[in-house]
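Reviewing the structure listed below.
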Amino acid sequence: MRLGILISGRGSNFEAIANSISRGKLDAEIAIVIANKPGAGGLVIARERGIPAKVIPSRGLDREQYDKLLIDELRAHDVELVCLAGFMRLLSANFVKAFPDRVLNIHPSLLPAFPGLDGQKQALDYGVKIAGCTVHFVDEFLDSGPIVLQAAVPVLDDDTVESLSARILAQEHATYSSAIQLIAENRLVIEGRKVRILPENPSA
Ligand code: GAR
């Protein structure tokens, strides 16, 4: 399964996906990494690992114009699954239609709690005792599509945004690859808001 990974920054989720592939835990290949910011740290990771990467700057373009550029680039690389990995832009309905049920996102909260920016800080400020991450299909709304997998972590009394974010990030790295592997194995059925996970095929 050919992946297109969209990033805006550090790229640690992208790197974790690349690691899962190289360890043989994920049956996929990264066809292209696209960053909307020239300074995205993930671009350095891609270069070091010899993974094709490209910057398509979003500055100055409206959503439809920008998403058209993304769609063309992803199609040019025969991408079958688009993975948003710290990609801090909302995608248009046309983008979502171009890859039906084939766009995933990872978010650092237990959705529907704390969508948007700084999910970990929102959780800490709210005083929840359990936080976590969510991998979900993407629709044209913010952090709102059907949920594939979630992982929970405790919030400790002395947590800072940094310590909680690090605990969540470790779960993000494991959970994202697991969700992608479920799609590679064709084991997800979307029924409205619900995503059913089919059992493993023992003969596969
Ligand atoms: C991750 O924590 C990801 O869940 C979050 O941005 C970070 C990117 O880190 N995404 C969102 O908040 C999306 N709403 P990374 O660049 O190291 O993967």
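What follows draws every value from the coordinates through simple rules; no lab data is involved. It should be emphasised that the depicted structure is a prediction, and the values quoted were computed from it without experimental measurement. Every residue, glycine as well, gets a Cβ built from its backbone with ideal geometry; the counts of neighbours run over all protein chains shown.
Observations
- Within the chain, helix-based [θ] at 222 nm, where runs of 4 or more DSSP H residues each add -39,500 (n - 2.57), nearest 500: -11000 deg cm²/dmol
- Loop-resident chymotrypsin sites (Phe, Trp or Tyr not before Pro) (DSSP state other than H, G, I, E or B) in segment 100-204 with no more than 16 further Cβ atoms inside 10 Å of their Cβ: PHE141.
- Lys pairs, the chain - Cα-Cα below 26 angstrom, 8 or more residues apart or on other chains: 12
- One Cα centroid belongs to segment 29-57, the other to segment 115-189; the line between them spans 23 Å.
- Loop sites in segment 103-204: GluC sites (Glu not before Pro), DSSP, at most 15 other Cβ within 10 Å: GLU140, GLU185, GLU200
- For the chain: relative contact order, % (alpha-carbon pairs under 8 angstrom, 6 or more apart): 19 percent
- Counting neighbouring Cβ atoms within 10 Å and putting the fewest first, the residues THR160, THR175, THR134 line up as THR160, THR175, THR134.
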